[in-house]
Ligand code: ZN
């Protein structure tokens, strides 16, 4: 099982935390040594889209670490108070300045190594007027044979693109759930 000990100081009072199993719990948590606040850590959701324009898909060249200069689908961490689809749309606007019509949830990918769940929605591009934000060097369309497979930023991006080009042969785009080792 994955063990992440990322918290050092209490978010309530600033004192040091210790990892211990609280009463009535069954795993170690960051517990404040002073005020005894328990800080729970849970997986993060990454949400994004697979924007499609005819035969082409939209990729963004990352202007931020990690994986600076590599290509990704528009995606990022979900924010408080938004739905997965709202987050995916927001990231698409922020990173690519793309105008899309959201379609169905397409991939749900567990990345247990880093305690994340990645969700990509299919999206239909309404035009090709992109306006990349500060996190993106370039946003452009790729045909299947142009995809920079060796320069993709994340394995979930690769998996989502692979599912898409497979499904396109039959025209049946159903939800794919997979675990990324
Ligand atoms: Zn505290």
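We did not get these values from a lab; they are worked out from the coordinates using the rules stated. Because the structure is predicted, anything quoted here is derived from the model rather than measured. No Cβ is skipped: glycine too gets one built from the backbone with ideal geometry, and neighbour counts run over all protein chains shown.
Across all directions, the shadow cast by the convex hull of the chain built on its C-alpha atoms averages 12.2 square nanometres. Once the chain from residue 53 to residue 18 is taken as fully extended at 0.36 nm per residue, the excess over their C-alpha distance is 7.5 nm. Alpha carbon centre of segment 11-75 versus segment 112-138: separation in Å? Result: 17 Å between the Cα centres. Between residue 34 and residue 127, the contour length at 0.36 nm per residue exceeds the Cα-Cα span by 27.9 nm.
For segment 1-41, the relative contact order comes to 32 percent (Cα pairs under 8 Å, sequence separation of at least 6). Segment residue 169..residue 41, full-extension length gain: 42.0 nm, with 0.36 nm per residue of separation and the alpha-carbon distance subtracted. If you fit an axis through the alpha-carbon atoms of helix 155-168 and take the longest principal axis of the Cα set of the chain, what angle between them do you get, 0 to 90°, nearest 10? The angle comes out near 40 degrees.
Peptide packing for 19-25, 149-155, 102-108 was compared via the average number of neighbouring C-beta atoms within 10 Å per residue; ordered from the highest value, the list is 102-108, 149-155, 19-25. Over the chain, dividing the summed -39,500 (n - 2.57) contributions of all DSSP H runs of at least 4 residues by the number of residues returns a 222 nm mean residue ellipticity of -5000 deg cm²/dmol.
For segment 139-176, the residues whose amide N sits under 14 Å from a probe point set 7 Å from the Cα of residue 108 along the beta carbon direction are 174-176.
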